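Quick notes on the structure that follows.
The values are calculated or read from the model by the stated rules, or taken from the named source; none is laboratory data. Everything numeric in this text was worked out from a predicted model, so none of it was measured. Cβ placement follows ideal geometry from the backbone for every residue including glycine, while neighbour counts extend to all protein chains displayed. When the accessible area is computed, the model is the full protein with side chains, heavy atoms only, and any ligands, DNA or RNA have been set aside. Shrake-Rupley method; radii C 1.70, N 1.55, O 1.52, S 1.80 Å.
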Amino acid sequence: VWDRRLGFLNKIISTPVSRAAIIFSKILNATLRTVFQATVILALAYLLGLQLSPKFTLFNLLGIYAAIFLVSVGLSSIFIAFSLRTTRMERPMQIINLIIMPLMFTSNIFFPISLMPEWMQIVAKVNPLSYLTEAVRELTILPPDGSVLMFDFANLGIFAVILSAIGIVLSWKYLTK
């Protein structure tokens, strides 16, 4: 929205750079910011007493970043598509909160899925944040289970691909107007 208001978006669109490169650069920007924020949070958690699994290695850390990257790519693709469509500053944050809050509260971030009501268990089992949370827990505090991690990463990958495709198509459509 700021890029549009300040005229920066019009300048970028008028350059010979492809629309896809513009969209991908915005998605990559949002994703790298998310990975940086996750690094700060993980460092603070460790300093405040996070007990890592005895089997924690550099590969676990890379796995955490990969899981966060996949979720961030999917969500930022959709959020960028919505942001390109609006002209008001408040609207993107409203849309983001409308999507993120239900995802967060119907996942296993705060509460185990097995203790949820039956209807919420169904929602939690298709919620990408449940797979992200499970993968991060497996990679940080639990002894890693390869089959669980593969299942989590497969679901996160499918989520990223589907939402990226939708987001990029919508962004491309909105960017050409």
* Asked: Near LYS125, which aspartates and glutamates are there with a Cα under 13 Å away, not counting those fewer than 8 places off in the same chain?
  -> GLU134, ASP152
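At 1.4 Å probe radius, can you tell me the per residue accessible area of the chain in Å²? Don't jump to the answer; show the numbers that get you there.
On the way: 10790 Å² over 177 residues.
For the chain, the per-residue accessible area is 61 Å².
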* What nm value, rounded to one decimal, do you get for the distance between SER114 and SER14 when each label is placed 7 Å out toward the C-beta? -> 6.2
* With Cα Rg over 2.2 N^0.38 Å defined as stated, name the option among [x] 1.10; [y] 1.15; [z] 0.97 computed from the structure displayed. => [y]
* How large is ³J(HN,Hα) for each residue in segment 34-43, as worked out from phi by the Karplus curve 6.51 cos²θ - 1.76 cosθ + 1.60 (θ = phi - 60°), to whole Hz, x for Gly and Pro? -> 5, 5, 4, 4, 5, 4, 5, 5, 5, 5
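On a full-extension model of 0.36 nm per residue, what is the gain between LEU48 and ASN97, subtracting their alpha-carbon distance, rounded to one decimal in nm? Intermediate values should be presented prior to the final figure.
On the way: separation 49, 0.36 × 49 = 17.64 nm, distance 2.83 nm.
Value of the extension gain: 14.8 nm.
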* Rank by packing, highest mean first: peptides 28-41, 96-109, 65-78, 153-166, with packing defined as the count of other Cβ atoms within 10 Å averaged across residues. => 65-78, 153-166, 96-109, 28-41
* To do: Using +1 at the Cβ of each Lys and Arg and -1 at the Cβ of each Asp and Glu in the chain, identify which of ALA66, ILE95, TYR46 lies farthest towards the dipole's positive end.
  => ILE95
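What's the carbon and sulfur percent of the chain's accessible surface, probe 1.4 angstrom, rounded to a whole number? Intermediate values should be presented prior to the final figure.
Working: 7880 of 10790 Å².
Answer for the chain is 73 percent, counting heavy atoms of protein chains only.
Looking at the square roots a ≥ b ≥ c of the eigenvalues of the Cα gyration tensor of segment 35-86, which shape do they give, rounded for a/c under 1.5, prolate if a/b is larger than b/c, or oblate?
Numbers: a/c = 4.73, a/b = 2.28, b/c = 2.08.
Judged from the Cα gyration tensor, segment 35-86 comes out prolate (a/c at least 1.5, a/b above b/c).
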* Cα centroid of segment 54-107 to Cα centroid of segment 127-165, whole Å -> 14
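Express the relative contact order of the chain as a whole percentage, based on alpha carbon pairs under 8 Å and six or more residues apart in sequence. Could you put the intermediate results ahead of the total?
Working: 166 pairs, mean separation 59.8, N = 177.
It rounds to 34 percent for the chain.
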